[in-house]
Amino acid sequence: MPGVKPIRPYSVSPIRPVPKSIPRPPYIGAPGPEVYHGSDVQTQETIERMRLAGRIAAQAIQVTAAAIAPGVTTDQLDALAHEFICDQGAYPSTLGYRGFPKSICSSVNEVVCHGIPDARPLEDGDLVKIDITVFKDGVHGDNCATFGCGALDQASADLMVHTEEAMNRAIRAVKPGRQLNIVGRVVEAYAGRFGYGVVRDYTGHGVHTAFHSGLIVLHHDEPALTRLIEPGMTFTIEPMLTLGDYHCHQWDDGWTVVTNDGSRAAQFEQTLVVTADGAEILTRAD
Ligand code: MF3
Ligand code: CO
Ligand code: CO
């Protein structure tokens, strides 16, 4: 964007401790998670536990987003989220996941996803994505939302609104008996009206006892994704839409994903459970 400096890496603070009393997900201390071999359909008991994890994850976003303002660093946002999550007796799922060093992902402007909170002060006009996952009672709740810092330019404000609407349309399209490709068909069709790019390299995913179960939910139209949607399936829908081209690459920090053309991205994410006739959002704050 003219007049806006590209995002660059700033220093990352030391790892924040989690009280010993809070149970960790099984991948903590390992190089990565074990492959999940269980069902994509969850029991009512697991779904019930996911409601609580989902609520904490949604509330954590609210608490964190309320602090977004020019001059506040993304590390300060991480500290707020970390404290809130631990106060609920929950574990911030990203902390130590495949070596990720922080409790939230904070992805600003052309950073598409997996931004590491650091010492960069937010600036007026920044487009800020906050992605928070929490682990509570053996299950994860994963959600993300986009916020404006100060006054957004019109194109960024529109992108933010339209990305949330793309997600919500996809959620409403989820029904047992339909193929999982309905999600990408709906997102891509809606994004196309505005000429947005739809990021392909990062996807929605099954989530429950596993953070990323292996079930993949594409946000672009892929007819070959014929897997049928079934009641009790739990997965995320988390479209990343760009003002320019969708192609992106990762920084050599092994995490931060930015658009190749420097165009801005927005993202929204919810964790869902498929019901008898649709989908219910598990990552609700109320
Ligand atoms: N919450 C992200 C997702 O939506 C995953 C973040 S993994 C991390 O799937 F290691 F980058 F934090
Ligand atoms: Co996710
Ligand atoms: Co997420």
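The values are calculated or read from the model by the stated rules, or taken from the named source; none is laboratory data. The structure presented is a predicted model; accordingly, all values stated were derived computationally and were not measured. Ideal geometry is used to build each Cβ from the backbone, glycine not excepted, and the neighbour counts take in all protein chains shown. To get the accessible areas, we keep the full protein, side chains included, count just its heavy atoms, and leave off ligands, DNA and RNA. Shrake-Rupley method; radii C 1.70, N 1.55, O 1.52, S 1.80 Å.
Quick one: which of 144-155, 262-273 comes out on top by average Cβ neighbours within 10 Å, and what's the full order, highest first?
Per-residue Cβ counts within 10 Å, averaged per peptide and sorted highest first, yield 262-273, 144-155.
Let me know the shape class of the stretch 198-286, please: from the alpha-carbon gyration tensor, a ≥ b ≥ c as square roots of the eigenvalues, rounded when a/c is under 1.5, otherwise prolate if a/b is greater than b/c, or oblate. Present the calculation step by step, with values, prior to reporting the outcome.
Details: a/c = 2.01, a/b = 1.79, b/c = 1.12.
It comes out prolate by the Cα gyration axes.
Determine the equivalent ellipsoid of the stretch 36-183 by diagonalising the alpha-carbon gyration tensor, then write out the semi-axes as square roots of 5 times the eigenvalues, largest first, rounded to whole Å.
On the way: eigenvalues 148, 91, 31 Å².
Values for the stretch 36-183, descending: 27, 21, 12 Å.
Leaving ligands, DNA and RNA out of it, rank Ser11, Ser213 by accessible area with a 1.4 Å probe, largest first.
Correct descending sequence by accessible area is Ser11, Ser213.
Averaged across orientations, what area in nm² does the convex hull of the alpha carbons in the stretch 86-170 project? Don't skip to the answer; put the middle values down first.
Numbers: hull surface 27.9 nm².
If you wrap the Cα atoms of the stretch 86-170 in a convex hull and average its projections, you get 7.0 nm².
Please work out how much accessible surface Arg185 shows to a 1.4 Å probe, ignoring ligands, DNA and RNA, in Å² rounded to 10.
Number for this one is 90 Å².
Using the Kirkwood radius built from alpha carbon pairs, what does the Stokes-Einstein equation give as D for the chain at 25 °C and 0.890 mPa s, in µm² per second? The partial results should precede the final answer.
Working: Rh = 18.8 Å.
It comes out at roughly 131 µm²/s.
I'd like to know which of Val187, Leu241, His208 lies farthest towards the positive end of the charge dipole of the stretch 186-286, counting +1 on Cβ of Lys and Arg and -1 on Cβ of Asp and Glu.
Result: Val187.
How much accessible area does Ile216 have with a 1.4 Å probe, in Å² rounded to the nearest 10?
For Ile216, the solvent-accessible surface is approximately 80 Å².
Using just the helices of the chain, give the 222 nm mean residue ellipticity in deg cm²/dmol: DSSP H runs with n ≥ 4 each add -39,500 (n - 2.57), and the total is spread over all residues, rounded to 500.
On the way: 4 runs with 69 residues, N = 286.
Only helices count here, giving -8000 deg cm²/dmol.
Give me the distance between the Cα centres of the stretch 226-286 and the stretch 73-149, rounded to whole Å.
So the separation of the two Cα centres works out to 15 Å.
List the residues whose amide H sits under 5 Å from the amide H of Thr271, counting only those 5 or more places along or on another chain, with H placed 1.01 Å from N in the peptide plane.
For Thr271, the qualifying residues are Asp142, Leu282, Thr283.
Mind checking the dipole of the stretch 113-158: about its Cα centre, +1 per Lys or Arg Cβ, -1 per Asp or Glu Cβ, Debye to the nearest 20?
Numbers: 3 positive and 9 negative charges, 38 e Å.
Computed about the Cα centre, the dipole is about 180 debye.
Take every Cα-Cα pair in the stretch 23-109 and report what % of them are more than 21 Å apart. Before the final figure, lay out each step's value.
Numbers: 1538 of 3741 pairs.
Distances greater than 21 Å cover 41 percent of the Cα pairs.
What number comes out for the charge environment of Ile85, summing +1 per Lys or Arg and -1 per Asp or Glu over other residues with Cβ under 11 Å away? Each step should come with its number before you reach the end.
Values: positive: Arg16, Lys136; negative: Asp78, Glu83, Asp87.
For residues surrounding Ile85, the net value is -1.
Just the number, please: carbon plus sulfur as a percent of the accessible area of the chain, 1.4 Å probe, no ligands or DNA/RNA counted.
On the way: 6330 of 11770 Å².
Heavy-atom surface of the chain belonging to carbon and sulfur, 1.4 Å probe: 54 percent.
Tell me the accessible surface of Thr73 in square angstrom (1.4 angstrom probe, heavy atoms of protein chains only), to the nearest ten.
Ignoring ligands and nucleic acids, Thr73 comes out at about 20 Å².
Which order do peptides 33-39, 88-94 fall in by mean Cβ count within 10 Å, highest first?
Working: 33-39: 12.1, 88-94: 22.4.
Ranked by mean Cβ neighbours within 10 Å, highest first: 88-94, 33-39.
Could you order Val12, Val18 so the one with the most accessible surface comes first? Probe is 1.4 Å. If you can, show how the numbers build up before the last one.
Numbers: Val12 70, Val18 15 Å².
Solvent-accessible surface, decreasing: Val12, Val18.
For the chain, calculate the relative contact order in percent as a whole number, restricting contacts to Cα pairs under 8 Å that are 6 or more residues apart. All intermediate terms of the calculation are to be shown ahead of the outcome.
Numbers: 735 pairs, mean separation 63.6, N = 286.
For the chain, the relative contact order is 22 percent.
Relative contact order of the stretch 179-281: what whole-number percent is it, with Cα pairs under 8 angstrom and at least 6 residues apart?
On the way: 215 pairs, mean separation 29.3, N = 103.
28 percent.
Could you provide, to the nearest whole Å², the per residue accessible area of the chain with probe 1.4 Å?
Working: 11770 Å² over 286 residues.
For the chain, the per-residue accessible area is 41 Å².
Output the direction-averaged projected area (hull surface divided by four) of the convex hull of the alpha-carbon atoms of the stretch 26-67, in nm². Don't jump to the answer; show the numbers that get you there.
Numbers: hull surface 18.6 nm².
That works out to 4.6 nm², a quarter of the Cα hull's surface.
Between the stretch 187-203 and the stretch 1-24, what is the separation of their alpha carbon centroids in Å?
27
If you bin every alpha carbon distance in the stretch 152-249 into 5 Å steps from zero, what whole percent lands in each bin?
Histogram of Cα-Cα distances, whole percents per bin: 3, 14, 24, 24, 18, 10, 5, 2, 0.
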